[in-house]
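Below: the structure, in structure tokens.
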Amino acid sequence: MSDFYLTTPLYYVNASPHIGHAYTNVISDCMARFRRLNGESVFFLTGTDEHGEKIKKAAEDCNEDVEKFVEEKAQTFKSLWKQLNISYDFFIRTTEKSHVDVVSKVIKTVYDKGDIYKSKYRGFYCLPCESFWTESQVKEAAGCPDCKRDVEIIEEDNYFFKLSKYQEWLLEYLKNNPGFVKPKTRYNEVVSFLERNTLEDLCISRPKKRLGWGIDFPLDNNYVVYVWFDALINYISGAGYLSDSDKFNSLWPVDIHFMAKDILRHHAIFWPIMLKALELEMPRVIFAHGWWKIGEDKISKSRGNIVNPLELIKTIGVDGLRYFLLREVPVGVDGNFSWSAIINRLNSDLANDLGNLVYRTLNMAEKYFKGVVQVKELHIPERFKPHLDCLQNDYAASMEEVDFSSALDKIWKFINIMNKHVEDTKPWILWKEKKLDELNSFLFSLLEGIRITAIYIYPFMPSTSEAILRQLGIDNDVLSSNALKDVAFRIGKFRVKKEEPLFPRIESESSD
Ligand code: MSP
């Protein structure tokens, strides 16, 4: 079986990472961990986009040498990913020689094919977004369609990539492959954009005299490569396109590219056409998620409303943050970021439902049986069965569809039924009446249910999953691979050791 290959965008290093960047990497990590749990071998690529005018300007603003600046910023991304438990396999930086070599090679190949030419360029350019826009787009948005700021008119000789030549092919490809861009709303947007507009060829060079911080344009040393053309190529350079053809062949085509809707056009139009020109297979899925917003505004550096994930982690913990991001909204939709939403979610789902279930079950196991609970005959409570069946049948499908909130919904229904089972069974009465066999079997089924829950929540909250297994006395090797194949109820013995509650309640004053 070939590896499951997934990617995130390469983040600009002009500023430190914020919650929006963290979101894409948390989604991607959740998918990567699910795939590993499902017995698949995974290659998870992330990294940083380090060229272009705005990066150079950011370095100058800090009075720093640009190379040193990008190095430091790349480290801040790496360090955040470490804290957030992002299990990437390779971190690519666009300033690395191995990437630069691939960009040169791609340009030469595409040029030899006749898909790059030199011509005069006149257009509307947004410096902060590093994007060119057509006159009609600028008119309609009264500025840059992305960040709303003023755009500049630029006129100069440049090199162009023949996007227009492939427009019909791309439209046809999209029509024949309706799952190519997800979710459906984004697919429809791309199709209707291509039906209603004529693609202009993409200007892929920048004169060095205007913009020096980029990869040398291999055909003409008066130019550097346009940062988007450079950055998109990471998806093949990071997979060993030139350096390791065995690796590349086992990885390509990519299984899923994750990004937000702001850069869908680059991924669903430029990138497939670049791949077509290179005669490479198309990605299987391009998935554009929504934006985290505060009020009506997207969270972004340019809007000055960023939320620092490191600060949040201090108050709600890594898994608290991961859970909130993955649970609060379905992946394709916009989410509203607010402290009250975080408190509600975490106190109710994590502290009350999951945390309480684990704590009280282990507490009973220690109090009534000194932590050792074992059965020789399997008894699965009737009310557990539909939930277990539903998880066994549908969890993987929801995860594959990136429908994380629905997968969590199924897990939480099971958690809540376990809590209800405790309340209805009233184990303290069984204890009083010395019905020890019944009590033992009741506790065993809860511990089994918790063990199974720990496996299902692993992609979302890996540390919590490990902490639960540790308290159940189970080696977390069970999570290493293929755990989903072995998730049914079974007979056995638990030797548990209760720890502190998994999720302390968050007080609302914590937001101050
Ligand atoms: N460097 C380009 C991407 C090149 S990929 C070959 C870029 N970088 S970026 O730093 O601006 O990152 C954009 C991405 O960050 C979005 O597509 C999304 O993945 C993530 N997000 C940034 N802000 C976000 C929100 N407010 N909400 C959700 N995701 C956000 O574009």
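The values are calculated or read from the model by the stated rules, or taken from the named source; none is laboratory data. What you see is a predicted model; the values in this text were computed from it and never measured. A quick note on method: Cβ atoms are made from the backbone with ideal geometry, for glycine too, and the neighbour counts reach across all protein chains shown. Please note that ligands, DNA and RNA were not included when accessible areas were found on the heavy atoms of the full protein model with its side chains. Shrake-Rupley method; radii C 1.70, N 1.55, O 1.52, S 1.80 Å.
Quick notes
- Percent of Cα-Cα distances greater than 23 Å, calculated over segment 50-209: 59
- Taken over the alpha carbons of segment 336-380 as equal point scatterers, the Debye sum produces base-10 log I(q)/I(0) values at 0.15 Å⁻¹ of -0.57.
- Value of D in µm² per second that Stokes-Einstein yields for the chain, Kirkwood Rh from Cα pairs, at 4 °C (1.567 mPa s): 52
- In a DSSP loop and with at most 15 other Cβ atoms within 10 Å, the trypsin sites (Lys or Arg not before Pro) in segment 177-281 are Lys209, Arg210.
- Pairs from the list Lys54/Lys108; Lys54/Lys113; Lys68/Lys113; Lys56/Lys82; Lys57/Lys97; Lys68/Lys139 with a Cα-Cα gap above 30 Å: Lys54/Lys113; Lys68/Lys113; Lys68/Lys139.
- For the chain, the carbon plus sulfur part of the accessible surface works out to 47%, probe radius 1.4 Å.
- Theoretical ellipticity at 222 nm over the chain - DSSP helices of four or more residues, -39500 (n - 2.57) apiece, nearest 500: -14000 deg cm²/dmol
- Solvent-accessible area per residue, Å², over segment 180-227 with all protein chains present [probe radius 1.4 Å]: 47
- Selection from Tyr121, Phe90, Val138 lying farthest towards where the dipole of segment 76-139 points positive, charges on Cβ: Tyr121
- Debye log10 I(q)/I(0) at q = 0.20, 0.22, 0.24, 0.26 Å⁻¹ for segment 219-268, Cα point scatterers: -0.82, -0.90, -0.96, -1.01
- The Kirkwood radius of segment 14-78, taken over pairs of alpha-carbon atoms, gives through the Stokes-Einstein law at 37 °C and 0.692 mPa s a diffusion coefficient of 242 µm² s⁻¹.
- With the alpha-carbon atoms of segment 1-47 aligned to their principal axes, the span from lowest to highest coordinate is 39, 16, 9 Å, starting with the largest.
- Semi-axis lengths, Å, segment 354-468, gyration tensor of Cα atoms, sqrt of 5 times eigenvalues: 27, 15, 12
- Taking the convex hull of the alpha carbon positions in segment 145-292 and averaging its projected area over all directions gives 10.4 nm².
- The three principal axes of the C-alpha atoms in segment 261-380 carry coordinate ranges of 68, 39, 22 Å, sorted with the longest axis first.
- Within-15-Å neighbourhood charge of Leu171 [Cβ basis; K, R +1; D, E -1]: +1
- For segment 131-195, the spherically averaged projection of the C-alpha convex hull amounts to 5.8 nm².
- Rh (Kirkwood; distinct C-alpha pairs) - segment 71-121, Å: 13.9
- Ranked by the mean number of other Cβ atoms within 10 Å per residue, highest first, peptides 430-443, 458-471 order as 458-471, 430-443.
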